[in-house]
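Below is one structure; the comments refer to it alone.
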Amino acid sequence: MWISCNWLSRHVDLSGVDLDDLGRRFTLAVAELEGVERVGGHLKTVVVGHVLSAEPMEGTKLRICSVDTGDSEPRSIVCGAPNAREGLHVPVACVGATLPNGTRIKATEIRGEASSGMLCSASELDLSVDTSGLLELADSAQPGTPLADYLGLPDRVFDIDLTPNRGDCLSMRGIARELAVAFDKPMTGPEIEAVAAEGNERRAVTIEAPTRCAGYAARQVSDIDPEGATPVWMAERLRRAGVRRINLPVDIGNYVMLELGQPMHAFDADKLVGGIRVRMAEEGEQIVTLDGENVTLSAETLVIADDDGPVAIAGMIGGLRTAVNDSTRHVVFESACFTPAAVAGQGRRYKIHTDSLHRFERGVDPALHPVALERATALLVAESGGTPGPVVHSEGNAVWPEQRKIRLSFAHVARLLGQDIDRRWIEHALEALGIGLQDNDDTSLVAVPPSWRYDLQIEADLIEEIARVYGYDRLKTAAQCVSLPPVAADAGLAVARNADSVLRQRGYSEAITYSF
């Protein structure tokens, strides 16, 4: 998973934290750090430019562009990119700039035309592998603005490898929660408020497989602007997380998933027929997925369906029939909690692996889906207008039918960790992790794991959390003396040894393999 430090700082106060130490803490406190990439440090002499005109150069595929870069006079720049055109806002490497590949930009002359700079693609700036054309910026970008400031750079991107039991860390909020504990820093948001319904458009939601779907929420947002573009700040955060931009509703769903950890999906409301049903597939039923594959479904697969059949494989991938596109005007957002058992093995069955499946297999916070739906609604309305309808929410069987309670003995903590840890520190650490505390006395307490921690089941899990937050490097080491008296060989052992000897004497070879 890729973690943008700039995005992370929106969720936890990292002021005063050394970024090199932050990388070390990832490995000690959260997950193994596999690499760090510094992004955008080379963009100091690259600015936003506005193409005022783009005239074709006779006899070539080149264009002579007049570009406003915030100076008193426009620059003349010769460009061969296929998307160079009048009105475009693009990055401009000015004379004297050095590109990531070492190319130094100089004033030059091409076929008798002066060229004082270079219009850049994302790949030329080492921001992407896209080589199809110039990096197109929003029309609101001001000419002359340093590109680094416009894109929120420089940044550091941490590549971390999470263990399968920590699905709660597959988001910015989850990672921020852990670092807030590690550095004793406050969480900083964002604050998510409910979006009031302004319209009456709604979709009926029915859960017919309640043991596999703990909750399903849907909301229609009508009359959005189809030309509403994904804002640069969002597109940049998605790009640094390794997610490509598609269109605004889909990008918002991906953004909320990366921010909060809740997978989402967007349907084109005009393509949905009737209400939404969360049900098991019928044996042999078919769906064409978003990637164009025709999938024949098993009766053991959970699907989202309308009156015409499946529109998504639950927790995995949506269907092509109801996909949003650049002309979509009415969107239905879905946000659900599918249990890990509901999606287990389905990826292997259909040879499909998605970010949504990756999270649902590990367990998604059952209290999160209504919050994520509000967040997605607010982002869509802010960027493309639209009229939000009421939230329709249906509940299945609760993931945690009863409050989980784990008795923690302070004596057991000392015995397993080999040293005494201050009780008040233990209580502070557990509460910082979101764990509720009850029935405290001198010898023990009762811990109530938060809804997002599927991995906390027994006392040893809590003691592992205490050791992790305390710091494995701070635990004292001591030699343990163990008495191992000799064991007298009984008759059965003697017979076994005799059998070995007899077999070897008769030409057999004995293989002694590694012990597991």
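Applying 1/(1 + (r/R0)^6) with R0 = 60 Å to the Cβ-Cβ distance of residue 20 and residue 503, what FRET efficiency is obtained, to the nearest 0.05?
0.50
How big is region 229-358 in terms of Cα radius of gyration and Dmax, in angstroms?
For region 229-358, the Cα radius of gyration and maximum Cα-Cα distance read 14.5, 44 Å.
Rounded to the nearest percent, how much of the accessible area of the chain (1.4 Å probe, protein heavy atoms only) is carbon and sulfur?
C and S atoms contribute 48 percent here.
Calculate, for residue 382 and residue 149, the FRET efficiency according to 1/(1 + (r/R0)^6) with r their C-beta to C-beta distance and R0 25 Å; round to the nearest 0.05.
Details: r = 22 Å, r/R0 = 0.87.
Working from the Cβ atoms, E equals 0.70.
Taking the Cα centre of the chain as origin, work out the dipole magnitude from +1 charges on Lys and Arg Cβ and -1 charges on Asp and Glu Cβ, in debye rounded to 20. Could the numbers behind the result be given before it?
Numbers: 50 positive and 74 negative charges, 260 e Å.
Dipole magnitude for the chain comes out near 1240 debye.
Mind running the shape call on region 343-384? Use the C-alpha gyration tensor, a ≥ b ≥ c as the square roots of the eigenvalues: rounded below 1.5 for a/c, prolate if a/b tops b/c, oblate otherwise.
Since a/c reaches 1.5 but b/c is at least a/b, the shape of region 343-384 is classed as oblate.
Taking only Cα atoms, what is the 0 to 90° angle, nearest 10, from helix 491-505's long axis to the longest principal axis of the chain?
60
Between region 426-473 and region 191-223, what is the C-alpha centre distance in whole Å?
First find each Cα centre; the distance between them is then 34 Å.
Excluding residue 64 itself, what net charge comes from residues whose Cβ is under 9 Å from its Cβ, given Lys and Arg +1 and Asp and Glu -1?
It works out to a net charge of -1.
Can you show me the helix-derived [θ] at 222 nm for the chain, built from DSSP H runs with n ≥ 4 at -39,500 (n - 2.57) apiece and divided by the number of residues, rounded to the nearest 500.
So the calculated ellipticity at 222 nm is -7000 deg cm²/dmol.
Alpha carbon centre of region 130-167 versus region 255-280: separation in Å?
So the separation of the two Cα centres works out to 27 Å.
At a Cα cut-off below 18 Å, give the lysines reachable from residue 44, other chains included and same-chain residues fewer than 8 away excluded.
106
Decide, for region 128-272, between rounded, prolate and oblate: order the square roots of the alpha carbon gyration tensor eigenvalues as a ≥ b ≥ c, take rounded if a/c falls under 1.5, and otherwise choose prolate if a/b is larger than b/c, else oblate.
oblate
Any idea which of 30, 312, 16 is furthest toward the positive side of the dipole for the chain, if Lys and Arg beta-carbons carry +1 and Asp and Glu beta-carbons -1?
30
Semi-axes of region 1-137's equivalent ellipsoid from the Cα gyration tensor, sqrt of 5 times each eigenvalue, largest first, rounded to whole Å?
Computed over region 1-137, the values are 38, 14, 13 Å.
Which of the peptides 356-362, 207-213, 161-167 is most tightly packed, and how do the rest follow, going by the mean number of other Cβ atoms within 10 Å of each residue?
Most protected by this proxy first, the peptides run 356-362, 207-213, 161-167.
Using only Cα atoms, what Kirkwood radius does region 377-416 have, in angstroms? All intermediate terms of the calculation are to be shown ahead of the outcome.
Numbers: mean 1/r = 0.0644 Å⁻¹.
Averaging 1/r across every pair of different Cα atoms and inverting gives 15.5 Å.
Below 30 Å, Cα to Cα, which lysines can residue 405 reach? Residues fewer than 8 away in the same chain don't count.
In chain and number order, the partners are 185, 476.
Can you tell me which aspartates and glutamates have their Cα less than 12 Å from the Cα of residue 271? Leave out same-chain residues fewer than eight positions away.
306, 307, 308
The values are calculated or read from the model by the stated rules, or taken from the named source; none is laboratory data. Just so you know, these numbers come straight off a predicted model, no measurement behind them. Backbone-built Cβ (ideal geometry, glycine too); neighbour counts: all protein chains shown. The protein model used for the area step is the full one, side chains on, heavy atoms only, and it has no ligands, DNA or RNA in it. Shrake-Rupley method; radii C 1.70, N 1.55, O 1.52, S 1.80 Å.
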